[in-house]
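S.K.: Right, I'll just put the structure down here and ask away after.
Here, each number is a calculation from the coordinates, and none is a lab measurement. Just so we're clear, the structure is a prediction, and the values are computed from it rather than from any experiment. Neighbour counts run over all protein chains shown; Cβ positions are idealised from the backbone, glycine included.
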Amino acid sequence: MELIDQYLRKVNYLRVSVTDRCDLRCVYCMKEKMQFLPRSEVLTLEEIERLCDNFIELGVEKIRLTGGEPLVRNDIIKLIERLNYKKNNTNLNEITLTTNGTLLKQYAKQLKLNGVNRINVSLDTINPKKYNKITRFGNIEKVFDGINECLDSDIKVKINTVVIKDFNENEIEELLSWTSNKKIDLTFIEVMPMEETDISREYQFVSLSETYDNLNKKYKFIKSDHNTGGPARYFTSFKLSNKIGFISPLTNNFCATCNRVRISSTGKLFMCLGQNDYVDFREIMRKDYSDDFIKEKIRFALNIKPKNHDFMIGTKINKYMKRHMNVTGG
Ligand code: SAM
Ligand code: SF4
């Protein structure tokens, strides 16, 4: 079975936000004071599993758990354990996570035991003071310990770095050599205009096309056909021993090859990160509709998956989404 959208894109990748909560408050992701959802509005683990089952039966092969911070969700390992079980007897072939890494020291071994072999850790700086500032209060040592624990547990780590104006633009090369020395891949991400935080988007945004051009002069990038199923374009360089990815939705649109959809922690299926439309599955599940009905609704949602995102950041026009990134998790 396959999920094909109206533009003939095959959708086989599901991202699930398991919570809107987080132990950090990155300045480009959240406001300082956030109102988090009451528990009753968030899907239970059973509801998440049921939705995943329906997507898997329709052809989803890869599931990424995200948030908020996925590792702050109670019983997250129980969910991963149950999803991992499905890897043996369905078409699901990968379960992975995007995490801020603060709890990885505690969880890495259990993740590995439950079939997580690859993980994305979000880290925008390796400077402790800057880290504390960008996350509003985080302690970078926890992330370093978490990354080391993953590497010791044989979990492949990739670092995701949002490039932010006047914050880490001048640290890019340092990040390249830090990750190269550790032989871990690094992906740069453009700031996306999700719901406004406390700083306007145009004061955060850096064009990754320009970052690429500047780095290319020194590193002479070679295009790699490495593909992790996500939107990054990867490059190698004779000066580096890792792969460098660029996720640039604003300056290098990749919608034509989009293969993914996202479920929010409240069960809303967003067909595109850069659009506001969704189909609400929580009410469908709570009103006791059948799995056949859920599948019908998933197919309906795929049929209205938009062609392109609607992001725009400019000095005059900002087209931003009506939700923060922690709703759907990047
Ligand atoms: N808490 C986890 C983490 O930080 O990895 C998972 C959720 S977080 C929302 C997922 C990713 O989205 C992170 O890499 C984060 O840096 C990125 N992100 C958050 N807000 C963003 C924005 N406005 N534009 C681009 N990336 C953003
Ligand atoms: Fe939390 Fe991740 Fe958002 Fe940072 S980017 S506030 S770690 S959800």
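S.K.: Could you check how many residues of the range 114-134 are in contact with a strand residue (DSSP E or B) (Cβ under 8 Å, 6 or more places away or on another chain), closer than 24 Å to CYS26 by Cβ, in a loop (DSSP other than H, G, I, E, B) and away from ligand 2 (no atom under 16 Å from the Cβ)?
M.R.: Result for the range 114-134: 1.
S.K.: Does GLU171 qualify as being over 19 Å from GLU94 (Cα atoms), assigned to a helix (DSSP H, G or I) and in contact (Cβ under 8 Å) with a residue 24 or more places away in the chain?
M.R.: The answer is yes for GLU171.
S.K.: Check off (1) farther than 21 Å from MET192 by Cβ; (2) more than 16 Å from ligand 1 (Cβ to nearest atom) for VAL11 and give me the number that stays unchecked.
M.R.: Going through (1) farther than 21 Å from MET192 by Cβ; (2) more than 16 Å from ligand 1 (Cβ to nearest atom) one by one, VAL11 breaks only (1).
S.K.: If I filter the range 141-168 down to residues being part of a strand (DSSP E or B) and of a type outside the set (Ser, Thr, Tyr), which single residue comes out as nearest to ILE189 (Cα to Cα)?
M.R.: Filtering first and then ranking leaves VAL162.
S.K.: Of all residues in the range 2-35, count the ones that are part of a loop (DSSP other than H, G, I, E, B) and either within 22 Å of VAL162 (Cα to Cα) or free of Cβ contacts under 8 Å to residues at least 24 places away in the same chain (or both).
M.R.: 19
S.K.: Please go through the range 187-215 and pick out each residue that is touching a Phe, Trp or Tyr at 6+ places or on another chain (Cβ under 8 Å) and away from ligand 2 (no atom under 16 Å from the Cβ).
M.R.: LEU208, THR211, TYR212, LEU215
S.K.: Checking the conditions here, which among LEU43, LEU111, LEU97 is closer than 20 Å to LYS158 by Cβ, touching a residue at least 40 places away in the same chain (Cβ under 8 Å) and either within 16 Å of ligand 1 (Cβ to nearest atom) or part of a loop (DSSP other than H, G, I, E, B) (or both)?
M.R.: Residue meeting the stated conditions: LEU111.
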